[in-house]
Amino acid sequence: TSHHQGYLTPEARKKKWGDKAESYEKKLTKAVRAVIDRKITYDGEPIIAAFHANNSGITLSAEQVWGGDIPYLKSVKSPGDKLSPDCSQTVALKEKEFKSKTEALDGCKLSEDQTTWVKDIQTDKTGFVRSITVGGVVCTGQEFKQTFGLRSNVFTFEYRNGSFFFTTLGYGHGVGLSQYGADYLARQGKTWEEIITHYYTGVKIEKI
């Protein structure tokens, strides 16, 4: 995710999970005990275990999203993600709302012709938006995602009937382990070790 998950107290977890709290606590305890003495390494060093909710069916590399190559954060297939009910979302913005969001973009100048406000969308083979031009300002897909509050930096755009439509695929930055994808692989019989080494290229799981 874009931000680390916050800690929940036992009381907060019980309130959030309701009748399933006891069952979930047992699962969490079992999962933690299974890996408490393990670490994931690359070239002998602990990794940055980036993760996200789900993606478009393929994860993104660190280089795509953050601009720097991290050898174990490569783009890999994640076949179960498109089955997620949260995989796709369409956001519609009216002119006033769109304009208010562009105030965060220095130098953005919008003409009278709304059809020219968004153009020159450059994507790669994964659908990741490398760059997009808004009011003459060239943004990265990540910058646009954050400015407009989109779920993902894999998105398409359409202008119709006076509104700006953005359809995203995935939820989060798309780098590293997919939570939904990992769950799907587990249901297909993959072990947690196989899932880890699938999403983090070339890593080792070692005892502490």
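As a footprinting exposure proxy, order ASP113, ASP183 by other Cβ within 10 Å, with the fewest listed first.
Starting with the residue having the fewest Cβ neighbours, the order is ASP113, ASP183.
Just to confirm the filter: which chymotrypsin sites (Phe, Trp or Tyr not before Pro) across region 1-87 are DSSP coil and have at most 12 other Cβ within 10 angstrom of their Cβ?
TYR7
Quick check on the exposure proxy: order PHE165, PHE144, PHE98 from fewest to most C-beta atoms within 10 angstrom.
Ranking PHE165, PHE144, PHE98 by Cβ neighbours within 10 Å, fewest first, gives PHE165, PHE98, PHE144.
With both partners inside the chain, how many of the DSSP beta bridges are antiparallel, as a percent to the nearest 5? Intermediate values should be presented prior to the final figure.
Values: 30 of 33 bridges.
Roughly 90 percent of the beta bridges in the chain run antiparallel, per DSSP.
Where the eigenvalues come from the Cα gyration tensor of region 79-208, what are the semi-axes √(5λ) of the equivalent ellipsoid, largest first, in whole Å?
36, 16, 11
In the neighborhood of ILE205, defined by Cβ-to-Cβ distances under 9 Å, what is the net charge if each Lys or Arg adds +1 and each Asp or Glu adds -1?
Values: positive: ARG38, LYS39, LYS204, LYS207; negative: GLU193, GLU206.
Within the 9 Å Cβ shell, the charges total +2.
What residue among SER84, SER100, SER56 shows peak mean-square fluctuation when the chain is described by a Gaussian network model with Cα springs under 10 Å?
SER100
Between exposed trypsin sites (Lys or Arg not before Pro) in the chain, where DSSP calls loop and at most 12 other Cβ atoms lie within 10 Å, what's the longest gap?
Counting only loop sites that pass the neighbour cut-off, the longest clear stretch is 1-108.
Just list whichever of LYS145/LYS204; LYS74/LYS207; LYS74/LYS204; LYS125/LYS145 have alpha carbons separated by over 26 Å in the model shown.
LYS145/LYS204
Using a Gaussian network for the chain with springs between C-alpha atoms less than 10 Å apart, which of these wobbles most: LEU60, LEU93, LEU28?
Its mean-square fluctuation being the largest, the pick is LEU28.
Return the lysines within reach of LYS14: Cα separation strictly under 16 angstrom, same-chain partners fewer than 8 residues apart disregarded; answer none if there are no such residues.
Straight-line reach from LYS14, under 16 Å: LYS26, LYS27.
Where nothing but the Cβ of Lys and Arg (+1) and of Asp and Glu (-1) is charged, how large is the charge dipole of the chain around its Cα centre, in debye to the nearest 20?
Here the size comes out at about 740 debye.
Would you look at the GNM of the chain, springs on alpha carbons closer than 10 Å, and say which of GLN89, GLN179, GLN114 moves the most?
GLN114
Around TYR24, with a cut-off of 12 angstrom between Cβ atoms, what is the net charge of the other residues, counting Lys and Arg +1 and Asp and Glu -1?
Computed value for this residue: +4.
Just the number: Rg to Rh for region 6-87, Cα atoms, Kirkwood Rh, two decimals.
Taking Rg over the Kirkwood Rh, I get 1.06.
About the Cα centre of region 88-169, how large is the charge dipole given +1 on each Lys and Arg Cβ and -1 on each Asp and Glu Cβ? Please answer in debye to the nearest 20.
Values: 11 positive and 10 negative charges, 44 e Å.
Taking the Cα centre of region 88-169 as origin, the dipole is about 220 debye.
Between the alpha-carbon centers of region 121-176 and region 71-117, tell me the distance in whole angstrom.
For region 121-176 versus region 71-117, the Cα centre distance is 3 Å.
Setting aside same-chain residues fewer than 8 positions from LYS190, which lysines have a Cα under 16 Å from its Cα?
Candidates past the 8-residue exclusion: LYS77.
Every read-out reported here was derived from the displayed coordinates using simple, explicitly stated rules and does not represent laboratory data. Keep in mind it's a predicted model, so treat the numbers as computed, not measured. As a convention, Cβ positions derive from the backbone with ideal geometry for all residues, glycine included, and neighbour counts pool all protein chains shown.
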